[in-house]
Amino acid sequence: MTSPDVPPLRLNGREIGPQAIMAVVNRTPDSFFDRGATYGFDAALAAADRAVAAGADIVDIGGVKAGPGEDVGVAEELRRVVDLVTAVRERHPAVVISVDTWRAEVGDAVARAGADLLNDTWGGPDPRLAEVAAAHGIGLVCSHAGALPPRTRPHRIGYDDVVADVVAHITGEAERAVALGVRRDAVLIDPAHDFGKNTRHSLEITRRLRELTGTGWPVLVAVSNKDFIGETLGRPVNGRGVGTMAVLGVSALLGARVFRVHDVHAARRALASCRALGVGH
């Protein structure tokens, strides 16, 4: 059970947490981290199997690379994710299935295939996505990307106060989702490190994460192997694991509830160590 000061999070018919691991499964040929290792259907399904076996509470399936690259239309995104959601649902009925998409058409299709959560990493560019989540009775992640269009990188972006901007946007999106009919206990907020932000912004959000966890909404942190860690530590993509675990520990200390990662086993060990030391919930 969660502690009294932490709001409940319920997905796929059960309470999630208090520290939940969300495993990344990218069915893309150009992912920044795995470079297409799980693009094929069988490879992606095997990655989901491994994540569940390693203890993932949530499997987050994505069909479009976050950064710039080859255009991926709705039909192609559907081809990449719908059958995979169906297969993961059949093999792992108890796991929470999340789909990383900003498109309402994709959200509707994956909800029908068995998804429990729509992970809108781009901050609400399609306002119909919340309506889809409400219609299907599933969850929604509300994020902040500085109003950038999907798959674009920030260029000299600035904020008077990045944390205040993040809090205002994502809590507004969360309240809008609830007003549309999404269950309050199925909404998460995500500051979206590096999305519409430079390294300084992402570090500021990390240090001040308590201002997000103090809003009363469960907070998702998606920091695994991201550029702000690499730039801060001077490490390439394949050398950011230790930095990732350090940020997870800080995030746990500051009250984060869900941790989106590439390495489920390492993340579980890191969070278990935090709990043993009395850090986090």
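Values in this text are rule-based calculations from the coordinates and carry no lab data. Not measured: the values here are computed from a predicted model.
Normalised by the number of residues in the chain, what is the relative contact order in percent for Cα pairs under 8 Å and 6+ residues apart? Spell out each step's value before the answer.
On the way: 573 pairs, mean separation 52.6, N = 281.
Relative CO of the chain lands at 19 percent.
How many percent of DSSP beta bridges within the chain run antiparallel, rounded to 5? It would help to have the intermediate numbers written out before the result.
Details: 2 of 30 bridges.
Approximately 5 percent, going by the DSSP bridge assignments.
Given only helices, namely DSSP H runs of n ≥ 4 each adding -39500 (n - 2.57), what is the per-residue ellipticity at 222 nm of the chain, to the nearest 500 deg cm²/dmol?
Values: 10 runs with 115 residues, N = 281.
About -12500 deg cm²/dmol.
Hey, in the GNM for the chain with a 10 angstrom Cα cutoff, which one of THR206, THR215, THR28 fluctuates hardest?
THR215
Mind checking the full-extension length gain between ASN238 and LEU180? Use 0.36 nm per residue of separation minus the Cα-Cα distance, one decimal, nm.
Details: separation 58, 0.36 × 58 = 20.88 nm, distance 4.11 nm.
16.8 nm is the gain from fully extending ASN238 to LEU180.
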